[in-house]
Amino acid sequence: MDARHDGSTEERLGPTPARRLRFLAAVDDSQEDTGVLTAGLQQATAELGGLGGMAHLRAGGTSRTLYVVASTGLPRGFTRPWESIRADGQAPPARAMREGRTVWSPTVAAPDQERGDASAVPQPAALSAGLGLVAVPLRGPGGSVGALSVLIPSPGPSGGGPDAAGLAFLGEVARWAAGRLRLTSPSPENLSPALLQALQTGPDLRQALKDVAAEPFEWDLRTGELTFPDTMRALLSDLDPAALDGRMENWVDAIHPDDKPWVVTEVDRAIRAGGAYDVEHRTRWADGTYGWVRIRGRALTDDAGHPVRVVGTVWNTTETHAALESAGRALRHMSDGFLAVGGDWRTEFANGTAESLLGSPPGLVGKPLWDVPAVRAVPGLEERAREAAARGTPGGFDVRWPDSDRWYHLRLVPVPDGLTLYITDITERRLREAAQRAAADRAALVARLTRHLAEAVTAQDVVTAVADSVLPPFGAAGLVVFAAENDRLNVVGSVGYPRALLSRVHGRPIAADTPVGEALRTRTPQFVESADAFAARYPGMASGTDERAEPGGPGGKSAWAFLPLTVSGRGIGAAVVSFDHPRRFDGDERTLLTALSGLIAQALERAGLYDAAATRARELQRALLPRELPALPAATSAARYLPAGPGTEVGGDWYDVIPLSADRVALVIGDVMGHGMAQAATMGRLRTAVRTLSDLELPPDDILARLNDIVGDLGEDYFATCLYGIYDPVTGHFGYASAGHPPPATVRPDGAVTYPSLIPDPPLGVAAPPFDTVDVRLADDALLVLYTDGLVEHPGRDIDQGMARLARVLRGGPSEDLDALCDAVTGALLPAGRQAADDAALLITRVRELAPEDVATWPLPDDPVAAGQARGHIRAQLAAWDLEDLEMTTELLASELVGNVIRHAKGPVHLRLLRSRTLICEVSDGSLTTPHIRHAAATDESGRGLQLVAAVAHRWGTRHTPAGKTIWTEQPIPR
């Protein structure tokens, strides 16, 4: 029967019967037939509400008799008539087996007897009154082999018997029991004591034993006569003939003297108890030697319960015993430990190796295994042994033997009624495996460090790679990397050392008698395994009195590896690996650290070259970009330049803030396509050209046209984008032209962000002038944000998305602190670490309008009287501005400029004064002629006016306007 019961079984039989079936399914497979049948009868009797039950088996395939082999809940007086019944009779068990169906008898009558009248036992009426018997067949592979019967109360001769559920459950029990029975004819070696008990009396005994293919010996306890069947005598032909002469005394006399006492005692106990015995002892052979026999027997009693005879089997076990002794000798002398324990966990056998590991025989064999101290000391042995025995499956584990450095593999193998334990020394294997793992770990460490060092760019990257890859595998606590420069030690980086201690050695001369100095001088690592060893080698440094003290002995460390870093025979520095506790450096560790020092040295050399190149690149970039942005009355700016990714930190992006006349400001931002030194050089040329062209006061579109010519002359592979614009604080307008560059963002004081709608012209190098100009009116205190595409565009985000994100940051970012706003923008738009896929530049400018009261403008007639009018306007305005100190100089400048216009240019003429950080005086006319200073001869009456202007003004110049030109001068305003 399947041990699994699903919901259908519970629905068909009910919850309680289903639980009973699950209980039966859990019965141990090692149970003999009697135990299986008894368990089934107990559950069937309880479920049917019966008084007890019986199990009948047919002893052989052709036997005409059924024998009771198990019973439960029934007294001896009831079962005696049922111990053997006719297989072809009318008793319910016989009919059930024969007909293969359930049989119900509402009354219990004495069964038909096969025994003679002398031994027939009538059924006591008092025991069977009011009872009925239900029987179900036990079906084997070849048909029914017996029956299960349950005695239950009967309602009367016409009663209906048990209900359908009860009968269904009884059938399930019968199927389970039949599936668990061995159903093979017992041999003399496995004759069940329960079956012998069923075959106790009468002439049926001999027939039953014939049915199971073995005749027993018989020992008559009253006469002492011992009878052996012919088949058994043939098996025991090697015995001393006197032992087989029919007298028990001669048999006992043939037993080996050492075995005779306990054999006689065991047999006597079985006779007195009316039970069975099973003994194996040495018996004298015909040639005078001794062999082994095994006896299984049972005492039989008469009706009064007195023992009258013993029946059983005897067979020769000499060969089996010899084989076991041979196996025992092999086990005893094999190199592996072997231990056998019984079902009660008592040690039954231990070979020499097991005894030496777990204890001598007096402390091991015969005692409970868990009482042996050496066994209890083995970690996990008891738990694993009990688990293997409970599961019935072998198991094993490795363990380091207590109080030793040896490793053993313990193999646990369950056997019937016990467990065997094999103990194999695997120390050498573990050592080989440990060596292989160590080699693999070393190779992995070298590979990991090599990979990390290959990725290291700067010297600090090298220190980080060594700290992450070397310190953990060695259990180190500190690291210092030195660079040797001009016979001095400079600390490149460290881990686990205080800053104050490192500052003591940074820049110190290299001393030959210090650990680092000795390592560099000898080109060999120096290993110091304890603080005592350090004090012995460097007493001054250990005590702290040596002025050359370095990270090593002091600093709270207790062991050190001083590794020289050499490249091509040249010492470039040293690495110090330190430990918090004393430690021994074995040969493999020393070799590994020496090899690692070579890798570190090469990486540090590469990093030094990179650092030098990066330093030069940064200096170049700083030289090409504005060192600081000017603080102008009309504009305050902040900017950021961020090179793309790791590598040469130069690129082609640039920005600039250029002061112009009349407090105007030129704002420029550009991007030379590409990244690197060539692009940086091109950017420098363009920036210089922009500043030069700005000094000419050219408009934005004219400047871009001239830049386009410059880029075109560089070659077909050069392109650049550029945005150039001029902010006029008098009008508040920002006019700009763009060559392929993203539009500026304007931020109003209320936080509103807009982008001018203009499709930019193509980039410089491919553009075709003229360039379009855009004019934007800016509010006072507004922000003007210029940027390159590397800020707003990168893989995964197009330029429109980037500009939208920039607008969100500008709306929510700080408005007063421009540097903080630059950081907020770059932090929000650039990837983590601020490493972008392209160079990025950002310029944020706050613009301020010139107050109307600081601007004064007058038209002048195109007539010689204009100079006088100009002087009058100046005197009145400077008096209003409280700038009378500048009155004389300003009148002189205005007179010369107006007079020059009247003589050499044409109208209309205008005079304008601007009060800012300087006093600006401008004279405009409708002519495009540009005045020039010339050298006048001593006799010339004119030609000295501009010389006078240049001498008196702080600055002066000319700019062209759509209506003509403007000549301007600046004078400092006294505090």
Checking the structure you have, find out if any residue of region 860-867 is in the same structural domain as Leu919 (by TED's automatic domain parsing), in a helix (DSSP H, G or I) and surrounded by 15 or more Cβ atoms within 10 Å (Cβ to Cβ). yes
Small (Gly, Ala, Ser), modelled with pLDDT of 85 or more and within 28 Å of Ala234 (Cβ to Cβ) - does that describe any residue in region 304-327? yes
Out of Leu419, Leu453, sole residue that is surrounded by 14 or more Cβ atoms within 10 Å (Cβ to Cβ), more than 18 Å from Ala601 (Cβ to Cβ) and in contact with a helix residue (DSSP H, G or I) (Cβ under 6 Å, 6 or more places away or on another chain): Leu419
Is it the case that Val901 is over 60 Å from the mean Cα position of the chain (by Cα), at pLDDT below 90, more than 25 Å from Pro659 (Cβ to Cβ) and surrounded by 19 or more Cβ atoms within 10 Å (Cβ to Cβ)? yes
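Here are Val252, Val293, Val263: which of them is assigned to a strand (DSSP E or B) and either in the same structural domain as Gly312 (by TED's automatic domain parsing) or in contact with a Gly (Cβ under 7 Å, 6 or more places away or on another chain) (or both)? Walk me through how you get there before you give the answer.
Details: Val252 fails: assigned to a strand (DSSP E or B); Val263 fails: assigned to a strand (DSSP E or B).
Answer to the check: Val293.
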In region 649-691, residue modelled with the highest pLDDT [restricted to those that are more than 20 Å from Pro742 (Cα to Cα) and of a type in the set (Asp, Glu)]: Asp663
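I'd like to check something: does region 797-806 contain any residue that is of a type in the set (Asp, Glu) and over 30 Å from Leu850 (Cβ atoms)? Full working, then the answer.
Of region 797-806, the ones of a type in the set (Asp, Glu) are 798, 800.
Those still in the list that are over 30 Å from Leu850 (Cβ atoms) too: 798, 800.
Within region 797-806, one or more residues are of a type in the set (Asp, Glu) and over 30 Å from Leu850 (Cβ atoms).
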Given the residues Thr545, Thr514, Thr522, which is the only one that is among the β-branched types (Val, Ile, Thr), in the same structural domain as Val462 (by TED's automatic domain parsing), at pLDDT 85 or above and over 25 Å from Ala465 (Cβ atoms)? Thr522
Condition met for Gly35 (assigned by TED's automatic domain parsing to the domain that holds Leu13, surrounded by fewer than 21 Cβ atoms within 10 Å (Cβ to Cβ) and modelled with pLDDT of 85 or more): no
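Could we say that Ala828 is closer than 30 Å to His741 by Cα, without any contact (Cβ under 8 Å) to a residue 60 or more places away in the chain and surrounded by fewer than 19 Cβ atoms within 10 Å (Cβ to Cβ) here? Steps first, please.
On the way: closer than 30 Å to His741 by Cα: yes; without any contact (Cβ under 8 Å) to a residue 60 or more places away in the chain: yes; surrounded by fewer than 19 Cβ atoms within 10 Å (Cβ to Cβ): yes.
Yes.
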Kindly check whether there is at least one residue in region 910-928 that is loosely packed, with under 13 Cβ neighbours inside 10 Å, modelled with pLDDT under 90 and not hydroxyl-bearing (Ser, Thr, Tyr). yes
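Could you count how many residues in region 812-825 are modelled with pLDDT of 90 or more and either over 14 Å from Leu642 (Cα atoms) or in contact with a helix residue (DSSP H, G or I) (Cβ under 8 Å, 6 or more places away or on another chain) (or both)?
Of the residues in region 812-825, the ones modelled with pLDDT of 90 or more are 817-825.
From what is left, the residues that are either over 14 Å from Leu642 (Cα atoms) or in contact with a helix residue (DSSP H, G or I) (Cβ under 8 Å, 6 or more places away or on another chain) (or both) are 817-821, 824-825.
Going through region 812-825 one residue at a time, the tally reaches 7.
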Testing His733 on (1) in contact with a strand residue (DSSP E or B) (Cβ under 9 Å, 6 or more places away or on another chain); (2) under 16 Å from Val690 (Cβ atoms), one condition comes back false. Which one is that? (2)
Members of region 220-236 found to be over 17 Å from His306 (Cα atoms), assigned to a loop (DSSP other than H, G, I, E, B) and in contact (Cβ under 8 Å) with a residue 24 or more places away in the chain, listed by number: Phe228, Leu236
When residues of region 759-784 are limited to those that are hydrophobic (A, V, I, L, M, F, W, C) and closer than 21 Å to Met673 by Cα, the one surrounded by the fewest Cβ atoms within 10 Å (Cβ to Cβ): Ile759
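Check Glu99, Glu83, Glu47, Glu114 and return the single one that is more than 19 Å from Gly166 (Cβ to Cβ), modelled with pLDDT of 75 or more and charged (D, E, K, R).
Details: Glu83 fails: modelled with pLDDT of 75 or more; Glu47 fails: more than 19 Å from Gly166 (Cβ to Cβ); Glu114 fails: modelled with pLDDT of 75 or more.
Going through Glu99, Glu83, Glu47, Glu114 in turn, just one is more than 19 Å from Gly166 (Cβ to Cβ), modelled with pLDDT of 75 or more and charged (D, E, K, R): Glu99.
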In region 512-541, which residues are over 25 Å from Ala607 (Cα atoms) and of a type in the set (A, V, I, L, M, F, W, C)? Ala512, Phe527, Val528, Ala531, Ala533, Phe534, Ala535, Ala536, Met541
Do we have any residue at all in region 385-397 that's touching a His at 6+ places or on another chain (Cβ under 8 Å) and part of a strand (DSSP E or B)? yes
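Just for region 421-437: of the residues that are part of a strand (DSSP E or B) and hydroxyl-bearing (Ser, Thr, Tyr), which one is farthest from Tyr497 (Cα to Cα)? Please lay out each step first, then the result.
So in region 421-437, the residues part of a strand (DSSP E or B) come out as 421-425.
Filter again for hydroxyl-bearing (Ser, Thr, Tyr), leaving 422, 424.
Numbers: Tyr422: 53, Thr424: 49 Å.
Looking at residues that are part of a strand (DSSP E or B) and hydroxyl-bearing (Ser, Thr, Tyr), I get Tyr422.
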Yes/no for Thr594 being among the hydroxyl-bearing types (Ser, Thr, Tyr), assigned by TED's automatic domain parsing to the domain that holds Ser530 and part of a helix (DSSP H, G or I): yes
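The values are calculated or read from the model by the stated rules, or taken from the named source; none is laboratory data. The structure presented is a predicted model; accordingly, all values stated were derived computationally and were not measured. Note that each Cβ is placed from the backbone with ideal geometry, even for glycine, and that neighbours are counted across all protein chains shown.
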